[in-house]
Every structure is written in structure tokens, then in C-alpha cells.
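Heads up, the thing below is written out as C-alpha cells.
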């Protein structure tokens, strides 16, 4: 009997315990108006897009069609930004929070349905916002110091840059073109070399580099100041020192249309008598004339030649020869003799450049000389061709440049 009694008492205790547990499992409903908690779909896989004192956040729209809005909290939930679900484009929600400081932020995102039910929190921590401090630490792209540039025979300038930082996007180059106005060119991070085809010789070239803080960043940051490309300082030779030298076989100009017009400072194509109009030579071109530059230049680097308003007589091809001393430099052969070039070299003349024009010869055109010229004070121009293929020609102005 005692065993039966204890068994009945144990069963009674178990029934009482089960009843209490059941009440506990449903007791929370008394605190929720007899309703269960409903969670909307949580935001997943948020992409952080830092910017300039702003932050972009984007994520894919989930499968929960009841969501009507998203709320992004920041500054310890003191501030928030609401994004309507209807703002989704291509199944993606995007929002940009502006007016931030340069700081690492934490964001909390909830989704909500029309009844106010919300999702579990999605946390984004240590999301950097960039600004003036970051920008001040950026540097312009390095130059290839081993081989920074080259002046090409056609007058163009090739710039060589070093390997950029991985977050560099581009570098914008500003330079003066042949018409004297400012032009811009862009070299991308994937490129190391760029050629400025219309570069005006002797003018400065500056550049400014741009960076993305991260590959997903909203904004591109420019370096705060321009850099000047390390080109050699190039200056015009002083025309006030120029004078005519008459070597044997040289041609001269017509009365009042002599060689002095080649360095009178005129700009643009000129009309007679403000030109050098050569006398008729006893033989066909090539013909020569010689100029004393007035002093020795260690690196004569270029000549600018301007023609006249008479295209048929404008020079279309000429050579520039140079020497520092004309003692015993006179040639005896006519300039159109096949042996003239060898004789000139034997007399100490060096060919600085062969200058060819394919236009009408009127406007100013630049011609670069050899990269490593000898010291030069005297230049001899050997006219090879002009429009009419005769034995007389016209030139308007010659400007010589020296690189330091």
C-alpha cells in the first residue's frame, strides 16, 4: 500500500510541475496584449561606401515584401536617416548620409513593416569617413626620375611617370599648347607614359593626381596642390645679340629685306619688306646663310621658324648646323654639292636638326635639335626646299632656344 501511495504522490507532483511550465511558456502574452512578436526581414550584406564627410550604404532588397522602410541609426542612435522601400532601384537600396565628421562611425540598420514591426539589428562598425585630414596626406604621382621626359622630333613632349599608388585613379596634366592657351590631358593609373602632341616648347607643365580612399568609395580626392613637372629650364636666345655672318658661298637678302628681319621680334607670317627675301642664287637649292648668336650656348635645343604670307616662296625644308668657332670653318664646296655635308663636318660643323614642314610654311613651327648638342655660337641654315623649287626663298622669323 505504501508503494501505491508514494506512486500517486509522485504523479501528482509531476502534473503540478507541468502545469506551471505551460503557464510560463504562454505567460509572456499577458505583457504583449496576447500577441506574438513579429520580425521583418533583417538587412544583409551591407556595402560601405565612404566619401568626403559623408557615408554611402547599400544593400540588396530581401524577400520580405511587407517591409516599407529602413532606418539607419548613428552617433549612438542620436541621429537617424529613413529610407523608403520604394526608393529601391534594380533591387538595391542606396542611401547617403551627409554632414559627417572625419571619423570612424558605427551604424545600426532596421527594417520596418507598415505595422511598426522591425527586424533584428544589422550592425556596421568602424566605417571610416574621409575628409581634409586624409586629403592633406595625399601626394602627386611620382615621376620616372631615371627617364622623366623626351622632346620628340615632331615638337611633341613625352612625359614618363613612375608606378602610382594602388588607389590612384588618374592624373590631370595642364600645359600650354602651340596657340598659347591652356590644354589638359589625362594619364590613367594603368598608364606610365603620355605624349603632349601640341605642347608649346619652353612652357611649364603641371599635374594633379586623384585618389579613391577605397575601391567602393563615393568620392575621389585630389591632391591639395599642383606639382610642376621637372622639365629643364628653357630660355630664348637673346636676339639683340644676333648678327649676320657672311661665309663663302652664303646667300644674302634683297635690299631692305635682309637677314636682320629674322630676329626683329615680329610675330605671325610677315609681308615684304618685313621678311628675309634671299637674293637669287647662282645655283639651285640647297643654299646657306650664317648667323652669329652673339655668345656660346651650351645646349641649343630648338628653333621656331615662321614664314611669310607668300606660301610659294616659304621654306619647307632646311637644316640647322652649329659650331662654337668659325675659325677655319668656311666650306669651299657649293651648298648643293653632294660632298658639302662631309666637308662641313670636317670643318667642325655639327648637324643640329633637319627641319621639314608639310604645311604652307606660314605659321610658326617648332623643331627640336639633337639631345646632346655641342656648344654653339654660330648657326648655319642650309635651305633645301621651298614651295616653287627655285633658287630663292622667304623666311619671316627665327627664334632659338637654349636649355639649362
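The values are calculated or read from the model by the stated rules, or taken from the named source; none is laboratory data. Quick caveat, the model's predicted, so the values are computed rather than measured. Note: ideal-geometry Cβ built from the backbone for every residue, glycine included; neighbour counts use all protein chains shown.
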Do you know which residues across region 205-225 are outside any strand (DSSP E or B), out of contact with any helix residue (DSSP H, G or I) (no Cβ under 7 Å at 6 or more places or on another chain) and surrounded by 14 or more Cβ atoms within 10 Å (Cβ to Cβ)?
212, 217, 218, 219, 220, 223
Among the residues of region 263-271, is any modelled with pLDDT of 95 or more and surrounded by 22 or more Cβ atoms within 10 Å (Cβ to Cβ)?
yes
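Can you tell me how many residues in region 316-343 are touching a residue at least 12 places away in the same chain (Cβ under 8 Å) and in a helix (DSSP H, G or I)? Break it down into steps so the answer makes sense when it comes.
Filtering region 316-343 for residues touching a residue at least 12 places away in the same chain (Cβ under 8 Å) gives 316-326, 328-336, 340, 343.
Still in the list and also in a helix (DSSP H, G or I): 340, 343.
Residues meeting the conditions: 2.
Considering only residues of region 104-117 that are touching a strand residue (DSSP E or B) at 6+ places or on another chain (Cβ under 8 Å) and surrounded by fewer than 18 Cβ atoms within 10 Å (Cβ to Cβ), which is farthest from residue 216 (Cα to Cα)?
That would be 114.
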Flag if residue 365 is in contact (Cβ under 8 Å) with a residue 12 or more places away in the chain, assigned by TED's automatic domain parsing to the domain that holds residue 271 and under 39 Å from the mean Cα position of the chain (by Cα):
yes
Hits in region 349-363 - residues which are surrounded by 17 or more Cβ atoms within 10 Å (Cβ to Cβ) and in a loop (DSSP other than H, G, I, E, B):
349, 357, 361, 362
Subset of region 226-239 that is exposed (fewer than 15 other Cβ atoms within 10 Å of the Cβ) and assigned to a strand (DSSP E or B) - its residue that is farthest from the chain's Cα centre (by Cα)
236
Could you tell me whether residue 313 is touching a residue at least 12 places away in the same chain (Cβ under 8 Å) and in contact with a helix residue (DSSP H, G or I) (Cβ under 7 Å, 6 or more places away or on another chain)?
no
Do we have residue 180 as loosely packed, with under 14 Cβ neighbours inside 10 Å and modelled with pLDDT of 95 or more here?
no
Restricting attention to region 275-291, and to residues there that are buried (at least 16 other Cβ atoms within 10 Å of the Cβ) and assigned to a loop (DSSP other than H, G, I, E, B), which single residue is modelled with the lowest pLDDT?
281
